[in-house]
1. Using a probe of 1.4 angstrom, how much of the accessible area of the range 62-103 is carbon and sulfur, in percent?
2. Obtain the nm distance between the two label points defined at T35 and S65 by a simple spin-label model: each point lies 7 Å from its Cα along the Cα-to-C-beta direction.
3. Taking a probe of 1.4 angstrom, what is the accessible area of R33 in Å², to the nearest 10?
4. Between T101 and T57, how many nm apart are label points set 7 Å from Cα along the C-beta direction?
5. Could you work out the Kirkwood radius for the range 15-103, taking every pair of different alpha carbons, averaging 1/r and inverting it, reported in Å?
6. Starting from the Cα-Cα distance between K94 and Q26, subtract it from 0.36 nm times their residue separation and give me the gain in nm to one decimal.
7. Largest first, what is the accessible-area ranking of S65, S46 with a 1.4 Å probe?
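The values are calculated or read from the model by the stated rules, or taken from the named source; none is laboratory data. Small disclaimer: the values here were computed from a predicted structure and weren't measured. Every residue, glycine among them, receives a Cβ derived from its backbone with ideal geometry; neighbour counts consider all protein chains shown. These accessible areas exclude ligands, DNA and RNA; they are computed on the full protein's heavy atoms, side chains included. Shrake-Rupley method; radii C 1.70, N 1.55, O 1.52, S 1.80 Å.
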Amino acid sequence: MVWSSETGDLRKKKQEEEDRPVLDEQVKLNLRRLTAGKGRTVIEISGLPKNKLWCETLAKELKKSLGAGGTYKNNIIEIHVDKLERVSDFLDNKKIPWKKTGG
């Protein structure tokens, strides 16, 4: 649905959600280590807020500080690194709460 007679253009409302500032303490990220089907070990970060700029900045900072490759797409950050501890240490230093999911 794009238009509502009560609230008007709903596309503007969606844009306002994406532009809302993100407080690092309010985010709860999920870290998962993947190996199957990827060809290498990948750390997947999900539970990201809808603010695309914040997510892209976090992905860029992670890749730069860890010296690893990765990407941000489909509201998931993938970092090509073996050690989950390196990613968790980075998030702890930025005071972003996280939890480990999966095996």
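1. About 45 percent, which is the carbon plus sulfur part of the accessible surface.
2. Distance between the two pseudo-spin positions: 2.6 nm.
3. 130 Å²
4. 2.4 nm
5. The Cα-based Kirkwood calculation yields 13.3 Å.
6. This chain segment gains 23.2 nm when fully extended.
7. S65, S46
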